[in-house]
Amino acid sequence: MYYESFTPVSALLLAPPMRFAEPEVPLDDSTPLREVNQKLLMLLGHELGSPLTFILAYLRLWQERVTEVDRDELNLVVQQALTLKGRLDDLLLLEQLETDSWRVISERLSLRTVIAQVKEARRAELEEKYLTFVSELDDVAYVQADREMLFRALDHLVANACKFSLPGGTIRVRAEREGAMCRLSVQDEGIGIPPEQQAQIFEPFFQGDLRRARRYNGLGIGLKLVRVIAEKLGGCVQVKSVKGEGSTFTMSLPLA
């Protein structure tokens, strides 16, 4: 889930369609296939963003009009639409970060607050698989970061931990001090990542083999976005994983 603050339905329905500058997609023989895929998806993100906003507005309107039984079914449709919106938002954020058009607002942030928000955003996934969520902050209380960027990065790491964890496992979020930096890690007890794939997982659209990509939904840009965010915030991201035992992703961030 993503935190949503909706404009009133009437305003959304009456507002003119949003216009975006169409990104150019130059194609030549030397353009890597993944780069082409990324540019095409960016274009789709722009084109689908405005219609999806209107669809969500109508769905929200009908939620107020239908019976209780029909509302439960409509809620499932709304949830799927929100999932799609979250993926489009990720595409657009990645584009903004890579083109330096996102204005980074660095501030002193409480890790405890951000972690609590992420836990609440992923409550449904945690409960569905009976996962235990543990946070260990030691003496690290604050970091210097952009609030939205930090939330999105940590949310992606926790979402991945939920996705690849086995039922009944534990997800551990730990913050440790290392000089002037904070090492913020997310550890799961899931399926792990084979050694030969660990160097590729931060590349866009990489999801391992085809069977795995079909089983676990997603565009395959989440870890790429995490890496870009970590670097924009003055840090980096690393992974340690053992196949069949789980993975630990660690972001380094400046202490406040």
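Between the beta carbons of residue 134 and residue 71, assuming R0 = 30 Å, the FRET efficiency works out to 0.30 to the nearest 0.05. Out of 99, 58, 76, whose Cα points farthest toward the positive end of the dipole of segment 54-106 (charges: +1 Lys, Arg; -1 Asp, Glu; placed on Cβ)? It is 58.
Here's the list of lysines a cross-link from residue 119 could span, going by alpha-carbon distance under 23 Å and ignoring same-chain residues fewer than 8 apart: 85, 129, 163, 224, 240.
Put a dot 7 Å past the Cα of residue 104, heading toward its Cβ, do the same for residue 61, and the two dots end up 4.1 nm apart. Going by neighbour counts of Cβ atoms within 10 Å, the residues 240, 224, 119 line up, fewest first, as 240, 119, 224. Near residue 134, once Lys and Arg are set to +1 and Asp and Glu to -1 for all other residues with Cβ below 14 Å from its Cβ, the sum equals +1. Straightening the chain between residue 245 and residue 197 buys 15.7 nm, computed as 0.36 nm per residue apart minus the Cα-Cα spacing.
Any read-out appearing in this document is the output of simple, stated calculations on the displayed coordinates, not a laboratory observation. Because the structure is predicted, anything quoted here is derived from the model rather than measured. Quick reminder, even Gly has a Cβ in these numbers, built from the backbone with ideal geometry, and neighbours come from all protein chains shown.
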